[in-house]
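Report on the following structure.
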Ligand SMILES: Nc1ncnc2c1ncn2[C@@H]1O[C@H](COP(=O)(O)OP(=O)(O)O)[C@@H](O)[C@H]1O
Ligand SMILES: [Mg+2]
């Protein structure tokens with residue numbers, strides 16, 4: 001029986017993962033754990049005791065507010081980390097994609113395989129966060145499962161756009177700026193650490209169009225059981241609306257670069 | 001025809017390769033060999049003209065064509081971090097060959113390219129010749145009807161080249177169609193039933209190595225060295241000996257069917273070259289005749 005092409009592309013990446021899985025898994029747990037403890041408990045102790053802050057958070061402990069957002073930011077950071085240099089390198093330095101291009105695979109299949117691989121990488125990282133959240137009493141919730149799915153969808157949006165960017169670059173000069181000027185601001189202003197309502201009026205609409213904010217809101221809504229059907233549909237719609245053009249660009253850029 | 005922007009890398013080529021044949025592109029760096037090979041491999045769109053591989057159009061059936069091809073690109077693109085065995089298995093999987101079958105073929109091919117004892121280390125630790133053989137094995141994973149080899153032995157030491165030639169010769173005997181590029185005339189002579197001499201994106205001549213030599217050169221060549229800077233001065237005194245003269249920086253080539261007779265005539269004229277050598281004509285002479293330049297600059 002035929003195996004889907006994207007899965008066969010993934011098999012290659014999984015072989016490489018075998019070499020690094022120990023450090024990778026450890027980091028996947030350690031990093032969110034430290035982050036969650038540092039921010040959740042540290043900032044939490046400041047915030048939880050102030051009535052005005054507690055009210056802005058909707059009357060929940062800071063850790064409960066922060067935790068779900070970390071699922072989405074982790075997916076985004078993983079997507080950014082694994083789709084800039086590794087993708088350009090696949091074209092320029094390791095010849096991975098060139099080798100694939102000479103086989104019966106098509107560009108679109110290579111792209112799908114790459115997305116699937118990012119799904120695995122994000123799954124490991126987001127899964128690490130989910131386990132930490134499942135253990136802590138302030139964040140334990142049956143909503144973790146759908147929240148992980150929402151974080152993955154959000155991460156896939158970033159995977160698509162960042163992969164498209166990397167695939168269309170000749171050099172990696174812009175990559176650290178992508179990290180600094182796109183990813184980091186989104187990370188800080190995407191509503192993971194405080195409600196975007198506390199931002200100045202002019203900045204709020206910016207958060208509303210960024211995919212990260214929608215991912216964060218979905219994760220939080222699932223885990224706090226506050227997500228209504230309309231909100232769920234809207235957030236999903238915005239994320240899918242971001243995903244499709246990014247995916248199309250990936251297909252284009254891969255085809256152009258592999259077969260030129 | 002292949003254009004990169006305004007630059008025409010491959011200007012005009014007209015060839016047919018039949019199944020089972022071993023066909024070569026002989027030409028210097030920049031002749032357009034790799035560009036041509038990439039078009040044949042269905043990884044580079046044709047800018048103009050008609051190209052059919054197995055009767056299929058690469059513009060529409062690229063994937064189906066690639067499914068039946070084996071490719072050995074000019075620069076190895078093996079996965080250095082993986083083992084030779086894994087490199088082959090993974091590649092076979094791209095063709096949707098079942099995993100168990102991939103393993104069986106990979107072992108068989110590692111045996112064929114004499115790398116069985118190195119199947120478990122990292123590819124990074126292999127020598128250049130071993131990597132080249134592994135790339136050939138990889139290109140054979142899908143049991144291709146045609147194997148494309150872009151400069152299979154460039155950069156290898158003589159012994160590694162001979163090992164490789166021997167393997168390619170065996171493939172040829174098994175009936176695999178070979179299409180290869182090279183800028184080594186000895187390689188072309190060894191491996192090709194038929195070849196084209198390529199220069200600056202065009203075909204300068206076509207035929208079997210023997211035919212080309214007969215058509216464009218004499219049976220033998222007399223090489224004379226008169227010492228630094230003096231070769232050109234001797235040209236006028238050599239006129240009339242042999243059929244044709246070619247004056248190079250370091251030597252003068254006298255084209256004659258009987259080289260020894262030509263050498264006697266040189267001595268009869270009282271000329272005293274520092275050294276002389278009679279040899280058979282090669283494809284190098286064909287190339288020199290056709291382009292006025294030497295193949296290996
Ligand atoms: N991707 C490319 N973009 C622009 N020019 C190219 C590209 N690939 C090859 N060329 C040019 O086309 C010419 C032929 O190159 P190539 O086919 O690699 O020759 P060969 O393999 O015979 O050495 C060279 O002048 C080379 O610089
Ligand atoms: Mg070349």
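Other protein chain C-beta atoms within 10 Å of residue C-beta, averaged over B:153-165: 0.
With a 10 Å cut-off around each Cβ of B:91-99, the average count of Cβ atoms from other chains is 6.
Remark: mean inter-chain Cβ contacts per residue of A:91-99 equal 4, using a 10 Å Cβ-Cβ cutoff to other protein chain atoms. Taking other C-beta atoms within 10 angstrom as a stand-in for reagent exposure, A:250, A:219 fall in the order A:250, A:219, fewest first.
Highest mean packing comes first when the peptides A:232-245, B:249-262, B:75-88 are listed by Cβ atoms within 10 Å, giving B:75-88, B:249-262, A:232-245. If R0 is taken as 25 Å, the Cβ-Cβ distance between residue B:143 and residue B:4 corresponds to a FRET efficiency of 0.15. Its Cα gyration tensor gives segment B:218-280 an equivalent ellipsoid. The semi-axes, each the square root of 5 times an eigenvalue, are 16, 12, 11 Å from largest down. Annotation for segment B:120-191 versus segment A:57-102: alpha-carbon center distance of 40 Å. For chain A, a Gaussian network of Cα nodes joined below 10 Å ranks A:112, A:169, A:121 by mean-square fluctuation, and the top entry is A:169.
Between 0 and 90 degrees, the angle of helix B:259-268 with respect to the longest Cα principal axis of chain B falls at about 30 degrees.
When peptides B:109-120, B:181-192 are sorted by average Cβ neighbour count within 10 Å, with the highest value leading, the order is B:181-192, B:109-120. Starting from the Cα of residue A:140, move 7 Å in the Cα-to-Cβ direction to define the label point; list residues of segment A:217-235 whose amide nitrogen is under 17 Å from there. Residues passing the 17 Å test: A:223-225. Based on C-alpha pairs under 8 angstrom that are at least 6 apart in sequence, chain B has a relative contact order of 21 percent. Treating r as the C-beta distance of residue B:59 and residue B:244 and R0 as 51 Å, the FRET efficiency rounds to 0.70. Per DSSP H run of n ≥ 4, the term is -39500 (n - 2.57); total these for chain A, divide by its residue number, and report the mean residue ellipticity at 222 nm rounded to 500 deg cm²/dmol. So the helix-based figure for chain A works out to -23500 deg cm²/dmol.
Quick note on chain B: its Rg to Rh ratio, both from C-alpha atoms and Rh being the Kirkwood radius, is 1.06. Only Cα pairs under 8 Å and 6+ residues apart enter the sum, and on that basis the relative contact order of chain A stands at 28 percent.
The angle between the Cα long axis of helix A:107-135 and the longest principal axis of the Cα atoms of chain A comes to about 30 degrees, rounded to the nearest 10.
Helix A:62-83 versus the longest principal axis of chain A: what angle, 0 to 90°, nearest 10, using Cα atoms? Once rounded, the angle reads 10 degrees. Sorted ascending by nearby beta carbons within 10 Å, beginning with the fewest, A:148, A:111 become A:148, A:111. Report, in whole Å, the centroid distance computed from the Cα atoms of segment B:20-64 and segment A:124-177. That distance is 42 Å. Placing a pseudo-label 7 Å from each Cα along the Cα-to-Cβ vector at residue A:184 and residue A:225 gives an inter-label distance of 4.0 nm. Most mobile of A:122, A:39, A:76 per a Gaussian network model of chain A (Cα springs, under 10 Å)? In the Gaussian network model the winner is A:39.
Taking packing as the residue-averaged number of other Cβ atoms within 10 angstrom, the listed peptides B:53-61, A:8-16 run from highest to lowest as A:8-16, B:53-61.
Here, each number is a calculation from the coordinates, and none is a lab measurement. Remember, predicted model here, so these are calculated numbers, not experimental data. Because the Cβ atoms are built from the backbone with ideal geometry, glycine has one as well, and the counts that use them run over all protein chains shown.
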